[in-house]
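Please read the structure below before turning to the comments.
The values are calculated or read from the model by the stated rules, or taken from the named source; none is laboratory data. Everything quoted here is computed from the prediction, not taken from an experiment. All Cβ positions, even for glycine, are placed from backbone atoms using ideal geometry, and neighbour counts span all protein chains on display. Ligands, DNA and RNA are stripped out before the accessible areas are found, and what is left, the full protein with its side chains, is counted by its heavy atoms. Shrake-Rupley method; radii C 1.70, N 1.55, O 1.52, S 1.80 Å.
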Amino acid sequence: ATVDAVIVGLDQQFDYRRLAAAVDAVRAGAFFVATNADARYPVPGGFLPGAGAMVAAVAASSGTTPVIIGKPQPAMFEAILQQSGTGPETGVVIGDNADADMPAAARANLASVLVLTGVTSADEARDLRDERRPTAIAADPSEVWSLLRSRFR
């Protein structure tokens, strides 16, 4: 059977057999799509490899660069704005990953709130620059609503 597309995301059953099948399909011409390129996935007490680890393995082995549809690429935010018929001035991205959520917001010209519950620590947040720098920072999810009401009205 011919495979039209290979979509790689976070897969906790990822193994050599799945890697080989994905690489074979991509090398045979299947469209290579990545859900995201996050290298780390936050869990209590640390991190696990993110979808980006699997995407990198398929890309390296196939010699093909995927189309990334998730963050940090702005495609999903742009699609939401287009479908809703609104402009970027009406939206705010709320996320916990300065390497993915904040650049996606910046690339879509959206305001952003970094919540310090995931990948980025308070110390790291103070030093963020360029497209990784959020519009605002919330120490935890309970602060988000009041921050939105006070800052983004």
Query raised in the report: Just wondering, is there one or more residues in the range 8-18 that are touching a helix residue (DSSP H, G or I) at 6+ places or on another chain (Cβ under 9 Å), among the basic types (Lys, Arg) and not in a helix (DSSP H, G or I)?
Result: no
Query raised in the report: touching a strand residue (DSSP E or B) at 6+ places or on another chain (Cβ under 7 Å) and surrounded by fewer than 19 Cβ atoms within 10 Å (Cβ to Cβ), is that true of residue 6?
Result: no
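Has the range 20-35 got any residue that is buried (at least 16 other Cβ atoms within 10 Å of the Cβ), closer than 25 Å to residue 141 by Cβ and without any contact (Cβ under 8 Å) to a residue 40 or more places away in the chain?
yes
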Report summary line: With the first residue restricted to the range 109-134 and required to be more than 17 Å from residue 148 (Cα to Cα), and the second required to be open to solvent by less than 10 Å² (accessible area, probe 1.4 Å) and among the small types (Gly, Ala, Ser), Cβ contacts under 6 Å at 6 or more apart or on different chains are 120/98; 128/98; 132/98
Query raised in the report: Somewhere in the range 112-131, is a residue out of contact with any strand residue (DSSP E or B) (no Cβ under 7 Å at 6 or more places or on another chain), more than 27 Å from residue 22 (Cβ to Cβ) and of a type in the set (Lys, Arg)?
Result: yes
Report summary line: Turns out the strands (runs of 3 or more DSSP E) fully within the range 36-149 with at least 2 residues that are farther than 30 Å from residue 26 by Cα, open to solvent by 80 Å² or more (accessible area, probe 1.4 Å) and among the hydrophobic types (A, V, I, L, M, F, W, C) are none
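Filtering the range 19-35 down to residues that are among the small types (Gly, Ala, Ser) and not in a strand (DSSP E or B), which residue is nearest to residue 67 (Cα to Cα)?
Filtering the range 19-35 for residues that are among the small types (Gly, Ala, Ser) and not in a strand (DSSP E or B), the one nearest to residue 67 (Cα to Cα) comes out as 30.
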**Report entry** Out of 94, 68, sole residue that is without any contact (Cβ under 8 Å) to a residue 60 or more places away in the chain, over 30 Å from residue 17 (Cβ atoms) and among the aliphatic types (A, V, I, L, M)
**Finding:** 94
